[in-house]
Amino acid sequence: MDRFNIYNIFRLPIYNCHPMQIFDKYTIARENRVCELVSLGWERERAMLDYSSAHSDKIDIDNYIIGYLYIDFCNDCFQYRLAICRRENSSKAYKMPLYTTVKHYMRENHVNGVYDSIFENGKLKTNKEIALMIEDSVDMICENDISDAYCERESFYRLNRHLDYKTMIAEIKSVKS
C-alpha cells in the first residue's frame with residue numbers, strides 16, 4: 001500500500017487581474033474614444049456603436065492565467081499547492097506581458113502550514129464541515145498568498161458544498177488498499 005498517493009480534488013485558475021479591472025479599463029477606453037468621436041461631429045450613438053464593433057478588443061490589458069491553486073487529498077488531510085509565475089526572490093505574482101519572447105515558468109510550492117484534517121477528535125467530519133473547512137483555507141490562501149492576483153473561485157464555491165467528500169474519501173482509501 002502506497003501511503004503517499006496525492007489526489008487532486010480541485011485546480012483553481014489564478015488570473016492576472018480581477019474581471020472588474022478589465023471592465024473598468026474597457027469602460028474608460030470606450031468613453032475616451034466616444035468623446036473623441038463626438039468632438040469630431042459624430043452622434044454619440046454612432047460613436048458607441050463604432051467603438052463596440054471595432055475597438056472593444058483593443059484595450060491594453062489582457063487577463064490571462066498566471067498560475068493555479070491546487071487542492072489535494074493525501075493521508076487523511078487536504079493540502080494546498082500554488083503553481084504561479086513569480087520572479088526570482090519575490091513573493092509577488094509576476095504579471096508578465098502577454099506577448100513576449102522570454103520564457104516564463106511557474107514555480108510550484110506547498111502553502112506552508114495549511115493542512116486540513118478530515119478528522120475532529122478522532123471522528124470523521126461531516127460533508128458540510130469538510131466543505132466549509134476547505135472554503136476557509138482557500139479564502140485565507142487567496143487573501144494572504146495571492147492578494148496581488150485574482151483566483152477564480154465561483155465554480156469552486158458552486159461545486160464544493162455539493163460534493164460527497166465522505167464517499168470520495170472512502171473510494172480513495174479503497175483504491176489505496
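Close amide H pairs (under 5 Å, H built 1.01 Å from N) link Ile66 with Ile14, Tyr15, Asn16, residues at least 5 positions away or on another chain. Per-residue 3J(HN,Hα) values for the stretch 142-153, derived from phi via the Karplus relation 6.51 cos²θ - 1.76 cosθ + 1.60 with θ = phi - 60°, read 5, 6, 8, 9, 9, 5, 8, 9, 10, 9, 6, 10 Hz in sequence order (x marks Gly and Pro).
Each of His18 and Glu108 was given a label point 7 Å from its Cα along the Cα-to-Cβ line. The distance between the two points is 3.0 nm.
Close amide H contacts of Ile9 (hydrogens built in the peptide plane, cut-off under 5 Å, sequence separation of 5 or more or a different chain): Ile71, Asp72, Phe73. Here the 3J(HN,Hα) profile of the stretch 25-35, calculated from phi with Karplus coefficients 6.51, -1.76 and 1.60 at θ = phi - 60°, is 5, 4, 4, 5, 4, 5, 4, 4, 5, 5, 4 Hz, Gly and Pro shown as x.
Convex hull of alpha carbon positions in the stretch 107-170: directionally averaged projected area 5.4 nm².
The numbers here are math on the coordinates, done by the rules we state, and not lab data. Because the structure is predicted, anything quoted here is derived from the model rather than measured. Note that we place each Cβ from the backbone using ideal geometry, even for glycine, and neighbour counts take in every protein chain shown.
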